[in-house]
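Note sheet for the following structure.
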Amino acid sequence: MGKRSNKGSLKKELLEIYNILYKQFGPQHWWPAETPFEVIVGAILTQNTAWTNVSKAIDNLKKEDHLLPHALHSLPLTRLAGLIRPSGYYNIKAKRLKEFLKFLFIEYDGSLDKMFKTNLSELREKLLKINGIGPETADSILLYAGNYPIFVIDAYTKRILQRHNIINDGIAYHPLQRLFMDSLPEHADLFNEYHALIVKTAKDFCKKKPLCDVCPLNNPNIPKSSEGKKT
């Protein structure tokens, strides 16, 4: 699974990575949303697209006063698809949003407050049964909208840890998630910030063609970035 067998050294290494990135970039203020429902919509729309495209789709929903559970639930599917067109795969994503809303209204009368009173493992299991919601989307909803202490894994996380010889190529989602959650203090705020910092690092430095010479993980004493917010 992982290349490090010593749990103590792994915990130290993961915390060191977090401290270096936080010192370099500062707080990322992620997820950028005004409400938990906006986070959920964004988590579904961001599948297979850049956040800038998701932001345009969300702005469309806001302009029409549709960014509320009841409003989106009653919105015709074709109209919803048209509004979220900038996010790409808009017909598929409109159906996925509708599937989540159907679940929310059947299980919790359309109330996110009720939904987020559910036990973490129980709610996660329910979310994963919704068509179109996989582990990364479910965990993003749980962490960023529900403030549950669960670590979100994505391709950026795997890329950075592989390049720093912390994990083997091909490690699955849940073993990697367990690696983080067993090594770090169980705090939603820490998991939130850590994941956001990983994404920031991957986008700016650990690209497909990496900029290793100027990456803060290779050069922790380089000047602090002037950017303090994830884009």
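A few points about this structure:
- Applying a threshold of 8 Å to beta carbon distances and a minimum spacing of six or more residues, or different chains, the list of pairs starting in the range 97-123 at a residue that is part of a loop (DSSP other than H, G, I, E, B) and ending at one that is modelled with pLDDT of 95 or more and among the basic types (Lys, Arg) reads 118/126.
- Of the residues in the range 115-130, none is among the acidic types (Asp, Glu), farther than 30 Å from residue 187 by Cα and loosely packed, with under 15 Cβ neighbours inside 10 Å.
- Matching residues in the range 152-198 - criterion: being out of contact with any Gly (no Cβ under 8 Å at 6 or more places or on another chain), closer than 19 Å to residue 20 by Cα and in a loop (DSSP other than H, G, I, E, B): 164, 165, 184, 185, 187
- Residues located in the range 168-222, provided they are small (Gly, Ala, Ser) and more than 18 Å from residue 136 (Cα to Cα): 183
- Condition check for residue 58 on (1) within 23 Å of the chain's Cα centre (by Cα); (2) assigned to a helix (DSSP H, G or I); (3) of a type outside the set (Phe, Trp, Tyr); (4) surrounded by fewer than 14 Cβ atoms within 10 Å (Cβ to Cβ): one failure, at (4).
- Contact map, the range 162-182: residues that are loosely packed, with under 12 Cβ neighbours inside 10 Å paired with residues that are assigned to a helix (DSSP H, G or I) and at pLDDT 95 or above, Cβ distance under 6 Å, separation 6+ or inter-chain. Pairs shown: 169/162.
So that you can scan it fast, the table gives a plain yes or no per residue for (1) out of contact with any Cys (no Cβ under 8 Å at 6 or more places or on another chain); (2) closer than 26 Å to residue 80 by Cα:
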| position | (1), (2) |
| --- | --- |
| 105 | yes, yes |
| 130 | yes, yes |
| 135 | yes, yes |
| 155 | yes, no |
| 171 | yes, no |
| 176 | yes, no |
| 184 | yes, no |
| 188 | yes, no |
| 205 | no, no |
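- Residue list for the range 10-31, restricted to those being surrounded by fewer than 18 Cβ atoms within 10 Å (Cβ to Cβ), in contact (Cβ under 8 Å) with a residue 24 or more places away in the chain and not aliphatic (A, V, I, L, M): 11, 13, 18, 22, 23, 26, 27, 29
The values are calculated or read from the model by the stated rules, or taken from the named source; none is laboratory data. Keep in mind it's a predicted model, so treat the numbers as computed, not measured. In this analysis, Cβ positions are derived from the backbone assuming ideal geometry, glycine residues included, and neighbour counts consider all displayed protein chains.
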